[in-house]
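Reviewing the structure listed below.
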C-alpha cells in the first residue's frame, strides 16, 4: 500500500515481508525522482517503521560522496540527440536498410493494439526460459503501462504482421524504454534495427534522451553489443539500500545464499527464510 511522506512530495509502496508481520518499503517503478538532498534525508530518516527501504534513483543522479546506503546499480545506454550520432557498421547499416524496405515504424496509440506487446513479451519469456522468474510479468503490468500518462508504445510491422515492439515512458527530458520484444519472425529479419532507429527519430523530434536500459544479470554479450551500437552516451543509475532495523534484518537474512548481492537479501529469488521467521519476530 502507498506510504506518503509527511511533506506530500512523494510516496513509497509498503509490502509485507513474507512470513512476518513487518513491512518494508520500495520506491515507485522504475525510479524515484530526487529533487534535492533533503529528499535523500527524508528517505533515510522518516520511514523507520519499515524494515528496509529500497529506492532506485533517476538516471544520472549522483548521490553525495560517502553515502553508504547508495550503490551503483547499473549504467544506462543512452542516445542523446544533442551529441554526434553513433555510427553504424556497414553490416548494421545494411540490415537497417533491408528493414526499411520491407517494414514501417509507427507509434501505437490504441490501447488494444498496445496490449499486443504482452503477447510478444510472453513469447520472449518462453524463448529465454524465464517463465516463472521475477521478470515474467503479468498482463496487468502492461495494462498499467498502457494506461499511464506519458507512456509511449512503438511497433515495427511488415505485410505479414508485427516484427517488434517497445514500450516506454517519457518524463522530463528522458524517454525511458521499459521493455522491448521481437516476434519469432521479426528476429529473422532484424526488426529490432528499425525499432531502434525509429525510436531515435522520435527522440530527435521531441528533444529527449532515449534510455535503453542497462545490462541484465547473466545477459548475453550480444545484447551489450547491440545496445552499444545505438548509444552515444551512458548514465549511471544508483539504488538506495536502507536498513532501518539492523537486528531484525540480520536475523531474517542469516541463512541467505552466500555472496548474494540482492537487496533486501531476504527477497533473494528462490530464498525462503522459513526456519528463522519465528525467531525474527521476537527480535
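Derivation of every value follows stated rules applied to the coordinates shown; laboratory data play no part. Predicted model only: the values in this text are computed from it and were never measured. Heads up, the Cβs are rebuilt from the backbone with ideal geometry, glycines too, and the neighbour counts pull from every protein chain shown.
Taking all Cα-Cα distances within the chain, those exceeding 35 Å account for 25%. A protection proxy built from the mean count of other Cβ atoms within 10 Å ranks the segments 170-180, 56-66, most packed first, as 170-180, 56-66.
Against the compact-protein benchmark of 2.2 N^0.38 Å, the Cα-based radius of gyration of segment 86-147 scales to 1.50. Let me know the whole percent of all Cα-Cα pairs from segment 143-202 that are separated by more than 20 Å. Roughly 27 percent, rounded to a whole number. Note: relative contact order over the chain, using C-alpha pairs below 8 Å and six or more positions apart, is 26 percent.
Could you grab the Rg to Rh ratio for segment 47-92? Cα atoms only, Kirkwood for Rh.
In segment 47-92, Rg relative to Rh is 1.20.
When you restrict to C-alpha pairs under 8 Å that are six or more residues apart and normalise by the size of segment 78-235, the relative contact order lands at 33 percent.
Under the criterion of Cα pairs below 8 Å and six or more residues apart, the relative contact order for segment 155-268 equals 17 percent.
Over the chain, DSSP H runs of length four or greater, each weighted -39,500 (n - 2.57), average out per residue to a 222 nm ellipticity of -9000 deg cm²/dmol. Using 0.36 nm per residue and subtracting the Cα-Cα separation, the extra length available between residue 35 and residue 85 on full extension is 15.0 nm. In this simple spin-label model, placing a label point 7 Å from the Cα along the Cα-to-Cβ direction at both residue 184 and residue 16 gives a separation of 4.1 nm. Looking at segment 1-93, the pairs of alpha carbons with a distance over 22 Å make up 43% of the total.
Working value for segment 78-235: equivalent-ellipsoid semi-axes of 22, 19, 17 Å, each the square root of 5 times a Cα gyration tensor eigenvalue, largest first.
Helix 90-102 axis versus longest C-alpha principal axis of the chain: approximately 70°, rounded to the nearest ten.
Highest mean first, the peptides 151-164, 122-135 sorted by other C-beta atoms within 10 Å per residue fall in the order 151-164, 122-135.
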